[in-house]
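Accompanying notes for the structure given below.
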Amino acid sequence: MNTPEFLIAVTAILTLFVGLPWLVFHYITQWKKNGTLTMEDENLLDELHMLARRLEDRMNTIERIVAADSPGFRPSLRDDHDEDLELSRAQTREPLTTRTRRRDH
């Protein structure tokens, strides 16, 4: 076997048995390390959740006003769940971070 063929064979073997496993394990480690939410992400989720609650409350209020003004208007099904809405409001007072923490493996 001459020198160029030998170098190609050694490079291929090293790449196959050293380089590729290192690359796979490196990214598996990175994925596990970054698999959880950061505090910034959790804060953003808290803000978005609160905004969604406020928008839902506004929609319910608008539907009640329109339903009172026009007798032919049928509000959406959300009005039937006012008790559930009150329960969910009580739960929003608990920080989202305590409810969505992931367990580190």
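Each value in this text was obtained by applying a stated rule to the coordinates, not by laboratory testing. Worth saying up front: this structure is predicted, and the values here are computed from it rather than measured. Positions of Cβ are generated from backbone atoms using ideal geometry, with glycine treated the same way; all protein chains shown enter the neighbour counts.
Couple of notes before you dig in:
- Taking the average, over residues, of other Cβ atoms within 10 Å as the packing measure, peptides 48-57, 3-12 rank 48-57, 3-12 from highest down.
- Between the beta carbons of Arg58 and Thr36, assuming R0 = 25 Å, the FRET efficiency works out to 0.15 to the nearest 0.05.
- Peptide ranges 33-46, 15-28 listed from the most packed, as the mean C-beta count within 10 angstrom indicates: 33-46, 15-28
- Using the Cα coordinates of region 17-69, the gyration tensor eigenvalues translate into equivalent-ellipsoid semi-axes of 50, 11, 4 Å, sorted from longest to shortest.
- Here the gap between Val18 and Ala68, fully extended at 0.36 nm per residue and compared with their Cα-Cα distance, gives a gain of 10.7 nm.
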